[in-house]
Every structure is written in structure tokens, then in C-alpha cells.
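The values are calculated or read from the model by the stated rules, or taken from the named source; none is laboratory data. These figures come from a predicted structure and were not determined experimentally. We place every Cβ from the backbone using ideal geometry, glycine too, and count neighbours over all the protein chains shown. Surface areas here come from the heavy atoms of the whole protein model, side chains and all, with no ligands, DNA or RNA. Shrake-Rupley method; radii C 1.70, N 1.55, O 1.52, S 1.80 Å.
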Amino acid sequence: MKVVILGKASSVRIKNKNYRPFYNGESLMDIHIKKLINVLQPDDIYLSCEDETFRSVAQNWKINFILRDERYTRLTTSNVDVVHYVCKDVPGNGDILWTTPVEPLFDEYTNVLECWERIDKTKHDSLNVVYPQKRFILDQNYNPIGFGFGHWHKYSQDIPPIYQVSWSTAILSRACIEKVSYMIGARPFWYDCYSTVVDIDTEDDWEIAQLLYSKKIKEGYTNGNHRNL
């Protein structure tokens with residue numbers, strides 16, 4: 001198993017998102033790498049970034065650094081091109097864990113890897129994390145999804161779940177990568193994660209994630225509240 005951390009420096013909405021201090025002097029990237037080296041060997045982890053400046057981050061944690069051409073960090077570049085470009089610099093033919101540091105509350109890598117080992121590879125070519133959500137949601141025509149208006153109104157816990165896809169964690173076989181060149185395979189296994197999710201995309205997300213992360217650290221938080229192993 002190899003790990004690719006997609007850690008570009010040129011964040012659009014939050015400047016230097018992956019590398020600016022997040023908690024106790026550590027960046028999102030530092031926190032993310034620490035979680036990964038708890039379950040995998042540093043030699044098998046590759047940080048992909050277009051800025052040579054951040055090679056020092058990889059060196060500090062004794063992981064590998066892949067200098068990515070700036071063209072493959074642009075929003076206008078297709079996922080197909082990015083996946084193929086980054087993958088060619090990762091040696092071997094084994095599976096790849098693709099990951100980003102933007103969900104700092106997620107820490108289920110042990111469970112994810114164990115789950116990947118157990119699932120039937122003839123049925124699934126990838127593993128993708130999703131967050132089940134039970135919310136009072138309306139469709140584009142303002143019709144309720146999974147519940148109704150009136151005396152048949154359901155409690156939130158009785159609403160069928162919808163699922164938020166996490167783009168921060170996925171495992172794909174090399175064959176799957178060659179075939180689909182995407183973060184979700186043709187036959188994915190959906191890993192239900194029930195922990196709190198904050199996908200940092202705005203400054204508000206950043207502040208919320210900081211508050212929750214700080215609170216959980218102070219409470220001695222360990223994640224792994226998973227149900228489909």
C-alpha cells in the first residue's frame with residue numbers, strides 16, 4: 001500500500017490552507033501526516049505539491065516528496081490528468097490510498113485499511129468514505145426527501161440517510177486507477193463514517209474545525225466510531 005497526499009500549496013479560497021498553522025503550531029498537513037505514519041510506514045507515503053518550499057515538510061516527517069507541475073494543481077485541469085500525472089511518480093503496482101488534509105476530524109485510517117483487506121476485491125475496486133446524514137432536505141422543487149409534510153411527519157432519526165462523499169480519503173487498486181482515473185472506482189465499497197465531519201473549504205469552516213479539533217484533543221479524543229466492518 002502506497003499513500004498519496006494531495007497537498008497543493010495554491011489553495012484558492014483559503015490562502016496556504018494546507019500549510020498554515022492550524023493547532024498548537026502545526027498545520028493541517030502536519031496533523032494529517034502524523035495520523036498516517038501511525039498506521040503506515042513513512043517510506044510508503046508521498047506528498048504531492050507544486051511548491052518546492054514544502055519539501056521541508058516531507059523531510060521533517062521522513063516521507064517522500066513529489067514535486068508536481070503547477071499545471072496539475074489548476075481547477076481547470078481534469079481529474080483524469082491529475083491522477084495519471086501524480087500516479088506515475090509512485091513506484092510499485094500495489095493499491096494506493098489517496099488522501100488530503102482538509103478533514104482534520106477524520107482519523108479512521110486503521111479501520112479503513114482493515115476494511116479494505118476484508119472486502120471482496122472481485123466485487124469492489126475501490127473504497128470511498130461517506131458520511132450518512134439524516135436531515136430535513138428539500139429537492140429542487142421544494143419537495144421533502146425521505147419525509148412528508150403533515151401529521152405523518154417523521155422524526156429526524158427515522159429519515160432514510162443521504163450520504164456526503166468525502167473526497168479526502170479513498171483507496172483504489174492500480175488497475176482501477178488505470179481504468180477510471182478518478183477518486184471513485186466503477187464498483188466502490190462505501191465506508192460509512194459516523195464521526196463529525198468538517199470539510200474545510202472556507203474561513204468559517206476553518207474556524208469551526210479549529211474549535212472542534214481543539215475541544216476533542218483536550219478531551220483526549222480518539223476516533224474510529226465505525227459500523228460496517
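Quick one: which strands (runs of 3 or more DSSP E) lie wholly within the stretch 8-94 and hold at least 3 residues that are farther than 28 Å from Ile208 by Cα and not charged (D, E, K, R)? Spell out how you get there, then give the answer.
Values: elements: 21-23, 45-49, 64-67.
Strands (runs of 3 or more DSSP E) meeting the threshold: 64-67.
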**Selection within the stretch 151-170 - surrounded by 14 or more Cβ atoms within 10 Å (Cβ to Cβ) and over 27 Å from Arg13 (Cβ atoms)** = Lys154, Ile159
**Asked** In the stretch 204-221, what count of residues is obtained for those that are touching a Lys or Arg at 6+ places or on another chain (Cβ under 9 Å) and at pLDDT below 95?
**Response** 1
**Message:** Please determine whether any residue of the stretch 107-129 is within 30 Å of Glu26 (Cα to Cα) and part of a loop (DSSP other than H, G, I, E, B).
**Reply:** yes
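Considering Tyr85, Tyr109, Tyr72, Tyr155, which residue is on the phi < 0 side of the Ramachandran plot and modelled with pLDDT of 95 or more?
On the way: Tyr85 fails: modelled with pLDDT of 95 or more; Tyr72 fails: modelled with pLDDT of 95 or more; Tyr155 fails: modelled with pLDDT of 95 or more.
Tyr109 is the lone residue from the list that is on the phi < 0 side of the Ramachandran plot and modelled with pLDDT of 95 or more.
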**Request:** Quick one: count up the residues across the stretch 1-60 that are among the small types (Gly, Ala, Ser) and at positive phi.
**Result:** 1
**Request:** Note down all Cβ pairs under 6 Å where the first residue falls in the stretch 194-222 and is within 19 Å of Ser168 (Cβ to Cβ) and open to solvent by less than 50 Å² (accessible area, probe 1.4 Å), the second is among the acidic types (Asp, Glu) and outside any loop (DSSP other than H, G, I, E, B), and they're at least six residues apart or on different chains.
**Result:** Val198/Asp205
**Prompt:** So how many residues does the stretch 106-147 have that are surrounded by 12 or more Cβ atoms within 10 Å (Cβ to Cβ) and among the hydroxyl-bearing types (Ser, Thr, Tyr)?
**Reply:** 4
**Message:** For the stretch 176-193, which positions are of a type outside the set (Val, Ile, Thr), modelled with pLDDT under 95 and open to solvent by less than 80 Å² (accessible area, probe 1.4 Å)?
**Reply:** Cys176, Ser181, Met183, Gly185, Ala186
**Request:** Please go through the stretch 81-102 and pick out each residue that is surrounded by fewer than 18 Cβ atoms within 10 Å (Cβ to Cβ) and closer than 26 Å to Glu117 by Cα.
**Result:** His84, Lys88, Asp89, Pro91, Gly92, Asn93, Gly94
